[in-house]
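S.K.: Handing you this structure, nothing more for now.
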Amino acid sequence: MIFKSIHYNYNKCFVRLINLVIVLIVLASCTHDKQSLPINTSPIAQSPIVPIDTTSLNFFILSDWGFNGFIDQRRVKWEMNKIAKVIKLSYILTCGDNFQDVGVTSVNDPLWQLNYVSVYNDSSLLVPWYPALGNHDYMSNPDAQVEYSAINTYWNMPARYYSYVKQVDSNTYARYIVLDTYDLITKYQSLADTTKFDTITQYVWLKNILSDLKEKWIFVYGHHPMFSASLVHGDTKELKIMVKPLFDTYNVDFYICGHDHDFEHARESNRGTDYIVTGTGGTVRPIGYDDKTIFSLSALGFTYISLTTDKAKLYFITADNKVGYSYVRIK
């Protein structure tokens, strides 16, 4: 256990050293002032989404995206910018691993500039962001991402797990529940400060919210998959044991996550929860299929949802200017 801890800390420090070298090289040529950073421009290409009814509630979901501003991360951002320009984008959700590979140390960490501020600074993307935490975010100081909400106007993370409501139209509301899935998974507890783990508290909190919902649409999101046919990580047993029965009882519409770097749509039954994996914000991995897989794709990109009173239209948008997949849930 001592050797495991030393090895883990050595790797963590080595990765952070490499990241900081990259930060210093990049920041040497630009200012830290957000307002004076240049606006990134997209390659000229026509959007795969035609302008739609802007009275719908439109939002993006991005996961596993914080790769120091490298080109694949920016390719996804360019596509986000193009789509955002032809719709009325309301906000952006993230499903964690906001900072690869070892998170941020504080609200003043240079990675905020390199990974976030200097990348997603197009005017179309300056909307509220509602992040979740991933396992890589826990490798430094996850609370720094909570504290950053007081620093940046667009970053909204009031706690490690939280909930909020959005209005779809005059009579319809959507509930969003953000899980800290790291807190729910046994294997991580030997690698972190276990005094900060409150698995039972989070479970009770989730059950209480779900049992008293008044909103029509229910979205739950977090980092780890409930179901995944990926060849790398796959299903998360703790979520299937603890959380899935709540989804079934309270009729959750969508569970959205990352962790596996692919696009997936899975479902256990025709009328059950739709399980979405969208961990393609900066890199991709091989895909797989199983008996719950409806669709699977290995491609850079993000997920776009357009919500109305009775329909949730979901699109997997790839960084090569295509709609990789579309789906409509009717309610």
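The values are calculated or read from the model by the stated rules, or taken from the named source; none is laboratory data. None of these values were measured; they are calculated from a predicted model. All Cβ positions, even for glycine, are placed from backbone atoms using ideal geometry, and neighbour counts span all protein chains on display. The protein model used for the area step is the full one, side chains on, heavy atoms only, and it has no ligands, DNA or RNA in it. Shrake-Rupley method; radii C 1.70, N 1.55, O 1.52, S 1.80 Å.
S.K.: Can I294 be described as β-branched (V, I, T), within 26 Å of Y173 (Cα to Cα) and not in a loop (DSSP other than H, G, I, E, B)? Please lay out each step first, then the result.
M.R.: Numbers: β-branched (V, I, T): yes; within 26 Å of Y173 (Cα to Cα): no; not in a loop (DSSP other than H, G, I, E, B): yes.
Against the criterion (β-branched (V, I, T), within 26 Å of Y173 (Cα to Cα) and not in a loop (DSSP other than H, G, I, E, B)), I294 does not qualify.
S.K.: Out of the stretch 242-265, which residues are closer than 16 Å to F295 by Cβ and free of Cβ contacts under 8 Å to residues at least 40 places away in the same chain?
M.R.: Y255, D260, D262, E264 - these are the residues of the stretch 242-265 that are closer than 16 Å to F295 by Cβ and free of Cβ contacts under 8 Å to residues at least 40 places away in the same chain.
S.K.: Right, something else. Kindly list the number of the only condition in (1) open to solvent by 30 Å² or more (accessible area, probe 1.4 Å); (2) farther than 27 Å from D310 by Cα; (3) assigned to a loop (DSSP other than H, G, I, E, B) that fails for E268.
M.R.: Here E268 meets the rest and fails (2).
S.K.: If you don't mind, another one. Scan the stretch 147-164 residue by residue and report those that are within 21 Å of Y203 (Cβ to Cβ) and not in a loop (DSSP other than H, G, I, E, B).
M.R.: Y162, S163, Y164
S.K.: Right, here's the next one. Of all residues being of a type in the set (D, E, K, R) and within 16 Å of G282 (Cα to Cα) in the stretch 86-119, which is most open to solvent (accessible area, probe 1.4 Å)? Just the residue, please.
M.R.: D101
S.K.: On the given criteria, is I287 at pLDDT below 95, over 21 Å from Y116 (Cα atoms) and crowded, with 20+ Cβ neighbours inside 10 Å?
M.R.: Spelling it out, I287 is indeed at pLDDT below 95, over 21 Å from Y116 (Cα atoms) and crowded, with 20+ Cβ neighbours inside 10 Å.
S.K.: Moving to a separate point now. Test each condition in (1) over 30 Å from Y289 (Cβ atoms); (2) at pLDDT 95 or above; (3) among the hydrophobic types (A, V, I, L, M, F, W, C) for F197 and report the one that comes out false.
M.R.: Only one criterion is unmet by F197, namely (2).
S.K.: Sticking with this structure for a sec: Out of all the residues in the stretch 313-331, which are within 18 Å of the chain's Cα centre (by Cα), of a type in the set (A, V, I, L, M) and in a strand (DSSP E or B)?
M.R.: The answer is L314, I317.
S.K.: Taking the conditions exactly as written (closer than 20 Å to Y221 by Cβ and open to solvent by less than 30 Å² (accessible area, probe 1.4 Å)), does A159 satisfy them or not?
M.R.: Numbers: closer than 20 Å to Y221 by Cβ: yes; open to solvent by less than 30 Å² (accessible area, probe 1.4 Å): no.
Here the answer is no, as A159 does not meet what is asked.
S.K.: As an exercise: evaluate I305 against (1) closer than 18 Å to V220 by Cα; (2) of a type outside the set (S, T, N, Q); (3) at pLDDT 95 or above; (4) more than 15 Å from the chain's Cα centre (by Cα) and give the number of the one condition it does not meet.
M.R.: (4)
S.K.: Could you please find all residues in the stretch 247-260 being more than 17 Å from D183 (Cα to Cα) and open to solvent by 10 Å² or more (accessible area, probe 1.4 Å)?
M.R.: Correct list: D248, T249, Y250, N251.
S.K.: Using the structure shown, decide if K187 is assigned to a helix (DSSP H, G or I) and either without any contact (Cβ under 8 Å) to a residue 40 or more places away in the chain or within 18 Å of the chain's Cα centre (by Cα) (or both). Explain how you work it out, then say what you get.
M.R.: Details: assigned to a helix (DSSP H, G or I): yes; either without any contact (Cβ under 8 Å) to a residue 40 or more places away in the chain or within 18 Å of the chain's Cα centre (by Cα) (or both): yes.
Here the answer is yes, as K187 does meet what is asked.
S.K.: Further question: Which of the residues belonging to the stretch 205-243 are open to solvent by less than 70 Å² (accessible area, probe 1.4 Å), assigned to a helix (DSSP H, G or I) and among the hydrophobic types (A, V, I, L, M, F, W, C)?
M.R.: Result: W205, L206, I209, L210, L239, M242.
S.K.: When both residues are 6+ apart or on different chains and their Cβ atoms are under 7 Å apart, which pairs have a first residue that lies in the stretch 54-79 and is under 9 Å from G301 (Cα atoms) and touching a residue at least 12 places away in the same chain (Cβ under 8 Å), and a second that is open to solvent by 10 Å² or more (accessible area, probe 1.4 Å) and of a type in the set (G, A, S)?
M.R.: That search, which allows pairs on different chains as well, returns R75/A319; V76/A319; E79/A319.
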